[in-house]
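J.: My structure is below; once you've seen it, I'll send some questions.
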Amino acid sequence: MTDSLKLHFTINGQEHHGEAEPRLLLVDYIRHHLGLTGSHVGCEHGVCGACTILLDGQPVRSCLMFAVQANGREIRTVESLGTPEAMHLLQEAFHAAHGLQCGFCTPGFLMTLVPYLEEHPNPSEDEIRHAISGNICRCTGYQHIVDAIVLAAQKMNA
Amino acid sequence: MKPAPFEYHAPDSLEAALALRAEHGDEAKALAGGQSLIPAMNFRIAQPALLVDLNGVDELRFIRMEGDELRIGAMTTQNTLERSELAAKHQPLLFETVPFVAHPQIRNRGTLGGSIAHADPAAELPVAAVALDARMKAQSVDGERWIPAKQFFQGFFTVDLQPNEYLTEIAFPAMPPRTGWSFMEVARRHGDYAMCGVAARVTLDGKGKCKAARLVYLNVGEGPVDAEGAAALLVGEKITPESSAAAAEKASAEISPFGSVHASPEYQTHLARVLTKRALRRAHERAQAAS
Ligand SMILES: Cc1cc2nc3c(=O)[nH]c(=O)nc-3n(C[C@H](O)[C@H](O)[C@H](O)COP(=O)(O)OP(=O)(O)OC[C@H]3O[C@@H](n4cnc5c(N)ncnc54)[C@H](O)[C@@H]3O)c2cc1C
Ligand code: FES
Ligand code: FES
């Protein structure tokens, strides 16, 4: 064991102070210490995308960062998007277009897509497939995810 | 799995980072974007005793022109690079290559310096650095030295850095006039490490013949493979389907692919031939447009 280090960051709009051993991955800190289990751990080597969160607004793999590296930064996880009663527009679109089956991959897709759609409000299907190339889904075959994104973009622009 | 314990330092200046490196030598592993190092640590393939996190060293994040050279700080993220107007304008080959590296979520953390220092034979940026005759700046508490890209890459995950040095900057000299370029690769899925790829550069003389050429390949050797013989065949010739085919044939003998579950060495060699011809055609078109 090495000594724990102090931590201070903002998560989903709340200031957080804590401590962690340097080797603790950010995703494990978020899940086990903060109890926010929406970010999933699929592969721990950056390939699956299930752990994608926003770091200062940019999607990153939270399995490829140590918690201590989040000091002073602003984090957003899927929990910041919406609630079952009041879903985020993107979540509604995934719901409506059947963009998920087991849902394991969904938080990673959502956190990848929130900033993507802000930057690209009118993506073509090709561009969408490119944008989600860093997220793996083992259930849907992707077509319904693409449909959901098209639907979300339409709603955003309506 | 989870990483083994290590001692963590997050210096906020280059001076402090180099002091740690001087004190601990090879033990003091740099943590750049962590997009290659942390996966290796998660699987305990790497178990460094001490990490020097360079993310707080702001002086290593810059993109600027010095004379006609584009200078890039080692900690510049791949994402910053792919959005850089300076890079787009002055180093289009490099600029065009960056989006082939992994996925956007990885490029948001991954750095130019990390990719160059890591020297994965399948990586795109080392290939671009060799094709562009880039120079690497290695710094220690004792001073700095500049290393040409070709000497910097010394084989599998091996570069010319001393135990007291970090890579701090990469310099890309301007391409000569009447030069065209192309980067192409074939990967199973976008963002995957490619099965083969090539960076091509063609400079034309006043009569439209090839004055200089470079053909550098990824994932077909222990590092970036500079097919000098193939490039030499083109010099003094027009770039035609015939001369390109001859260069492709020569290049296929200069590479030594290892094969993998996804591609046999024969298939990689086939890809190298096809990509050479396509990349030369594209580079030639651009060189003509620039003439
Ligand atoms: C899913 C996935 C897909 C990927 N696909 C690709 C791909 O297609 N093509 C590709 O090229 N890469 C790919 N990568 C790797 C990615 O580009 C990494 O960002 C890059 O290889 C390393 O850069 P880094 O900044 O993350 O370095 P780190 O992982 O932090 O460091 C890598 C190594 O370099 C050393 N190092 C870093 N900086 C310095 C320095 N300044 N001085 C001395 N040593 C230093 C470290 O100590 C370590 O040994 C992929 C990664 C993932 C997770
Ligand atoms: S768990 Fe982070 S990318 Fe798979
Ligand atoms: S819905 Fe099951 S993995 Fe995507």
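J.: Any residue at all in region B:110-118 that's open to solvent by less than 50 Å² (accessible area, probe 1.4 Å) and within 16 Å of ligand 2 (Cβ to nearest atom)?
T.: Of region B:110-118, the ones open to solvent by less than 50 Å² (accessible area, probe 1.4 Å) are B:110-117.
Then keep just the ones that are within 16 Å of ligand 2 (Cβ to nearest atom); that gives B:110.
Yes, region B:110-118 contains at least one residue that is open to solvent by less than 50 Å² (accessible area, probe 1.4 Å) and within 16 Å of ligand 2 (Cβ to nearest atom).
J.: If the requirement is being under 15 Å from the mean Cα position of the chain (by Cα), away from chain B (no Cβ under 12 Å) and not polar (S, T, N, Q), which of these qualifies: A:His98, A:His88? Spell out the reasoning first.
T.: Numbers: A:His98 fails: under 15 Å from the mean Cα position of the chain (by Cα).
Residue meeting the stated conditions: A:His88.
J.: If you don't mind, another one. Scan region A:16-37 for residues that are within 18 Å of A:Leu110 (Cβ to Cβ) and open to solvent by 50 Å² or more (accessible area, probe 1.4 Å) and jot them down.
T.: Scanning region A:16-37 gives A:Arg31, A:Thr37.
J.: Given the residues B:Pro126, B:Pro121, which is the only one that is in contact (Cβ under 8 Å) with a residue 40 or more places away in the chain, open to solvent by less than 20 Å² (accessible area, probe 1.4 Å) and in contact with a Ser or Thr (Cβ under 9 Å, 6 or more places away or on another chain)?
T.: Working: B:Pro121 fails: in contact with a Ser or Thr (Cβ under 9 Å, 6 or more places away or on another chain).
After applying the criteria, what remains is B:Pro126.
J.: In region A:124-154, how many residues are hydroxyl-bearing (Ser, Thr, Tyr) and within 16 Å of ligand 2 (Cβ to nearest atom)?
T.: Filtering region A:124-154 for residues hydroxyl-bearing (Ser, Thr, Tyr) gives A:124, A:133, A:140, A:142.
Applying the additional criterion that residues be within 16 Å of ligand 2 (Cβ to nearest atom) yields A:133.
Residues flagged as hydroxyl-bearing (Ser, Thr, Tyr) and within 16 Å of ligand 2 (Cβ to nearest atom) within region A:124-154 amount to 1.
J.: Being among the charged types (D, E, K, R) and part of a strand (DSSP E or B) is the filter here, so list the residues in region B:95-153 that pass it.
T.: Of all residues in region B:95-153, those among the charged types (D, E, K, R) come to B:96, B:107, B:109, B:120, B:124, B:133, B:135, B:137, B:142, B:144-145, B:150.
Of everything in region B:95-153, those that are among the charged types (D, E, K, R) and part of a strand (DSSP E or B) turn out to be B:Arg135, B:Lys137, B:Glu144, B:Arg145.
J.: Here is a list of conditions, (1) assigned by TED's automatic domain parsing to the domain that holds A:Gly141; (2) under 30 Å from B:Ile45 (Cβ atoms), and A:Asp56 meets all of them except one; can you say which number that is?
T.: (1)
J.: When you go through A:Cys105, A:Cys63, A:Cys51 one by one, which is the residue that is within 16 Å of ligand 1 (Cβ to nearest atom), farther than 19 Å from A:Gln154 by Cα and more than 10 Å from chain B (Cβ to nearest Cβ)?
T.: On the way: A:Cys63 fails: more than 10 Å from chain B (Cβ to nearest Cβ); A:Cys51 fails: more than 10 Å from chain B (Cβ to nearest Cβ).
Only one candidate qualifies: A:Cys105.
J.: Within region A:117-136, count every residue that is touching a helix residue (DSSP H, G or I) at 6+ places or on another chain (Cβ under 6 Å) and without any contact (Cβ under 8 Å) to a residue 24 or more places away in the chain.
T.: 2
J.: If I ask for residues that are in contact (Cβ under 8 Å) with a residue 60 or more places away in the chain and aliphatic (A, V, I, L, M), which ones from region A:1-49 would you list?
T.: A:Leu5, A:Leu7, A:Ile11, A:Val47, listed by residue number.
J.: Let me ask you something else. Across region A:120-142, what is the number of residues that are more than 10 Å from chain B (Cβ to nearest Cβ), open to solvent by 10 Å² or more (accessible area, probe 1.4 Å) and more than 12 Å from ligand 3 (Cβ to nearest atom)?
T.: So the count comes out to 8.
J.: Of all residues being modelled with pLDDT of 95 or more and either out of contact with any Leu (no Cβ under 9 Å at 6 or more places or on another chain) or of a type in the set (Ser, Thr, Tyr) (or both) in region B:181-194, which is surrounded by the most Cβ atoms within 10 Å (Cβ to Cβ)? Just the residue, please.
T.: So in region B:181-194, the residues modelled with pLDDT of 95 or more come out as B:181-187, B:194.
If we keep only those that are either out of contact with any Leu (no Cβ under 9 Å at 6 or more places or on another chain) or of a type in the set (Ser, Thr, Tyr) (or both) too, we end up with B:182, B:187.
Details: B:Ser182: 24, B:Ala187: 16.
Going through the qualifying residues, I end up with B:Ser182.
J.: Moving on to the next point. Enumerate the strands (runs of 3 or more DSSP E) found wholly within region B:1-90, keeping only those where 2 or more residues are open to solvent by 10 Å² or more (accessible area, probe 1.4 Å), modelled with pLDDT of 95 or more and more than 10 Å from ligand 1 (Cβ to nearest atom).
T.: Working: elements: B:7-9, B:28-31, B:50-53, B:63-66, B:69-73.
Here the list reads B:7-9, B:63-66, B:69-73.
J.: Let me ask something else about it. Select from region A:38-67 the residues that are within 12 Å of the chain's Cα centre (by Cα), open to solvent by less than 20 Å² (accessible area, probe 1.4 Å) and more than 24 Å from A:Thr83 (Cβ to Cβ) and list them in ascending order.
T.: A:Val60, A:Arg61, A:Cys63
J.: Considering only region A:9-22, I want to know if a residue exists there that is within 16 Å of ligand 1 (Cβ to nearest atom) and either touching an Asp or Glu at 6+ places or on another chain (Cβ under 7 Å) or under 29 Å from B:Leu54 (Cα atoms) (or both).
T.: Scanning region A:9-22 turns up at least one residue that is within 16 Å of ligand 1 (Cβ to nearest atom) and either touching an Asp or Glu at 6+ places or on another chain (Cβ under 7 Å) or under 29 Å from B:Leu54 (Cα atoms) (or both).
The values are calculated or read from the model by the stated rules, or taken from the named source; none is laboratory data. Small disclaimer: the values here were computed from a predicted structure and weren't measured. Counting neighbours? That spans all protein chains shown, and the Cβs are built from the backbone with ideal geometry, glycine included. These area figures cover heavy atoms from the full protein model, side chains too; ligands, DNA and RNA do not enter into them. Shrake-Rupley method; radii C 1.70, N 1.55, O 1.52, S 1.80 Å.
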